[in-house]
Each structure stands twice: as C-alpha cells, then as structure tokens.
C-alpha cells in the first residue's frame, strides 16, 4: 500500500510541477471578482476531467492481455525522453497569457471557474499519457487509492500555489529547475511500469 501511495505521489508531482506556476499566476490575479474559490473549484474540476479521461483509457486497457499492459510504460518513458531531448521553447508567449484574463462573475461555476478548469485540462496532456498506463498496471482497488492520493495532492498543490505566490524567489527556482527534473522522473516512472 505504501508503494502505491508513493507511486501515486511521484506520478502526481511529476505531471503537475508546471501547475504550481499556473496556480501562482492565478492566485496573483485574485481580486473582487476573481476569487480564490474560483481557482480551487476550477482546478479540481479540470483535474477531475483529466482523471476521467485517464480512467476511460484504463477501461480500454482492461481489454488488453495483462502481459501487454506493462508496455504502456513506454508512454511516460517516451515522454520523458522527448522532454529530455527537445529544444527549449519560449514560454513567455504574450498570446498564451490571454487565458489568464478574467471576466466579471461571482458564482462558483462562473467563467472564472471554467477558465481555470480549461487551463488545467489543457495543461494535462502529459498527465493523461502517464495516468492511463499507471492505472492499467494496477488493480481496481489500487486505482481507487491512487485517485484518493491525487485528490489530496490537488489540495496540497492549491495551498502551495497560494502560499508560494508570496515568494518570487521560489517561483523562479521552480521555473528554472523544475522542468529539468521532470524528464528524469517520467523515465523512471515508465521503467517502473515496464518492470511491474
């Protein structure tokens, strides 16, 4: 059970390092109309969509023979190698910042919430490519435990993003070194799935 919890924590952390920066950007824009509750609800909603899509992939994986499921570990392995060898892109694209503009609405399921959910989901392609083989290589009980761990860690991520927005030095460190560590963790996760 501890191995499952540790695996879930590593998978979540690896695929969501960039979400800390997004959450910090969102929390940095909180004002009278764009509230913290919109960020919390939107991030949970977007992450729930990522998990549902991954579960659909997992359900399809149930059709595969068990000895082939481990080869799904090639997906995070390939993703890690891709990230390791790809050229760095300029992340300061001014058009990309348009997704952070907010409109005026006060309800919980407002355009603010949906915008945060949309950005979370759009940023979750790497999550899905890791979670599908991760779910497929574990039993249904283990998958339920992994999802519970993910849900708890979303809360930790939200809290961390809220607190870190006050420490620009931490944000710069994550932006500078976080992306460098991600490929290695993807590769290790892929190898773990292949060897389980």
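The values are calculated or read from the model by the stated rules, or taken from the named source; none is laboratory data. As the structure is a computational prediction, the values presented were derived from the model and not from experiment. Every residue, glycine among them, receives a Cβ derived from its backbone with ideal geometry; neighbour counts consider all protein chains shown.
Here is a yes/no grid of residues against (1) at pLDDT 85 or above; (2) outside any helix (DSSP H, G or I); (3) closer than 23 Å to residue 30 by Cα; (4) in contact with a helix residue (DSSP H, G or I) (Cβ under 6 Å, 6 or more places away or on another chain):
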| residue | (1), (2), (3), (4) |
| --- | --- |
| 132 | yes, no, no, yes |
| 135 | yes, no, no, yes |
| 138 | yes, yes, no, no |
| 143 | yes, no, no, yes |
| 146 | yes, no, no, yes |
| 156 | yes, no, yes, no |
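Do we find that residue 173 is farther than 15 Å from residue 51 by Cα, surrounded by fewer than 18 Cβ atoms within 10 Å (Cβ to Cβ), at pLDDT 80 or above and out of contact with any helix residue (DSSP H, G or I) (no Cβ under 9 Å at 6 or more places or on another chain) in this structure? Talk me through it step by step, then tell me what you get.
On the way: farther than 15 Å from residue 51 by Cα: yes; surrounded by fewer than 18 Cβ atoms within 10 Å (Cβ to Cβ): yes; at pLDDT 80 or above: no; out of contact with any helix residue (DSSP H, G or I) (no Cβ under 9 Å at 6 or more places or on another chain): yes.
No: the conditions fail for residue 173.
Tell me, which helices (runs of 4 or more DSSP H) lie completely within the stretch 2-90 with 3 or more residues that are at pLDDT 90 or above? The qualifying helices (runs of 4 or more DSSP H) are 2-27, 36-61.
Does residue 97 satisfy the criteria of being in a helix (DSSP H, G or I) and modelled with pLDDT of 80 or more?
Spelling it out, it is not the case that residue 97 is in a helix (DSSP H, G or I) and modelled with pLDDT of 80 or more.
When residue 25 is tested against (1) surrounded by fewer than 21 Cβ atoms within 10 Å (Cβ to Cβ); (2) farther than 23 Å from residue 188 by Cα; (3) touching a residue at least 40 places away in the same chain (Cβ under 8 Å); (4) within 11 Å of the chain's Cα centre (by Cα), exactly one condition is not met: (4).
So, in the stretch 176-189, how many residues would count as being at pLDDT below 75, surrounded by 15 or more Cβ atoms within 10 Å (Cβ to Cβ) and farther than 19 Å from residue 47 by Cβ? The total comes to 1.
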